[in-house]
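Please read the structure below before turning to the comments.
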Amino acid sequence: MGYQEYPKTLPRDDFWGRCVAPLWGDASAKRKWLLVDHIREQLRLRPGDILLDIGCGNGALAPKLFDDCAGYAGVDLSPYLIEVAQEFFADPPNYLFFNSDAAEFVEFVDEPDRFTRGLCLLPFNIYPRKR
Ligand SMILES: C[S@@+](CC[C@H](N)C(=O)[O-])C[C@H]1O[C@@H](n2cnc3c(N)ncnc32)[C@H](O)[C@@H]1O
């Protein structure tokens, strides 16, 4: 079952089981916080940063990053996951979620240059393997 259909088999508010669990093996609190800490460390967000989160899924990670940046846009292909993100995690006007292919989003969004940081946490198996 792919990442588009798998989340629909879980409770709507099982935020961490949906995307993070398949990626990390389980969704224990320890793993969850290790992941958040690691992402924050790598991103090195500054207070004025505007973050683009490509493949943001249900947006569960986003509120952990909101305090570190001035703006956030999460983009995901899945209409279902974006619906959940908008319901539970959006904080307009600066912290928003969009249902789109990421490549199309950056082509058509107003002022793409305003994004100063990018995050892309995707499963390895979506990339073609080298033979
Ligand atoms: C493993 S989930 C990660 C979700 C989120 N980053 C997290 O850590 O919880 C990968 C997500 O990437 C999205 N995705 C895959 N290809 C995409 C694309 N071309 N544009 C936007 N989103 C994409 C999927 O719909 C899925 O929600």
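The values are calculated or read from the model by the stated rules, or taken from the named source; none is laboratory data. Just so you know, these numbers come straight off a predicted model, no measurement behind them. FYI the Cβ positions are ideal-geometry reconstructions off the backbone, even for glycines, and counts take in every protein chain you see. All accessible areas refer to the heavy atoms of the entire protein, side chains included, with ligands and DNA or RNA removed. Shrake-Rupley method; radii C 1.70, N 1.55, O 1.52, S 1.80 Å.
Of the accessible area of the stretch 6-120, with the probe set at 1.4 angstrom, what percent is carbon plus sulfur?
Values: 3290 of 6290 Å².
Taking all protein chains in place, the stretch 6-120 shows 52 percent carbon and sulfur surface.
Rounded to the nearest Hz, the phi-derived 3J(HN,Hα) couplings of the stretch 45-55 under the Karplus curve 6.51 cos²θ - 1.76 cosθ + 1.60 (θ = phi - 60°) are 5, 10, x, x, 5, 10, 9, 9, 9, 8, x, where x marks glycine and proline. Secondary structure note: in the stretch 50-119, about 5% of the DSSP beta bridges are antiparallel.
Please state the shape class of the stretch 53-101: rounded when a/c is under 1.5, otherwise prolate if a/b exceeds b/c and oblate if not, all from the C-alpha gyration tensor.
prolate
Note on residue 83 and residue 109: the model spin-label points, each 7 Å out from Cα along the C-beta direction, lie 2.3 nm apart. Using the Kirkwood radius over C-alpha pairs as Rh, can you work out the diffusion coefficient of the stretch 6-120 via Stokes-Einstein at 37 °C, viscosity 0.692 mPa s, in µm² per second? The diffusion coefficient I find is 229 µm²/s. With each label modelled as a point 7 angstrom along the Cα→C-beta vector, the residue 13-residue 68 pair spans 2.7 nm.
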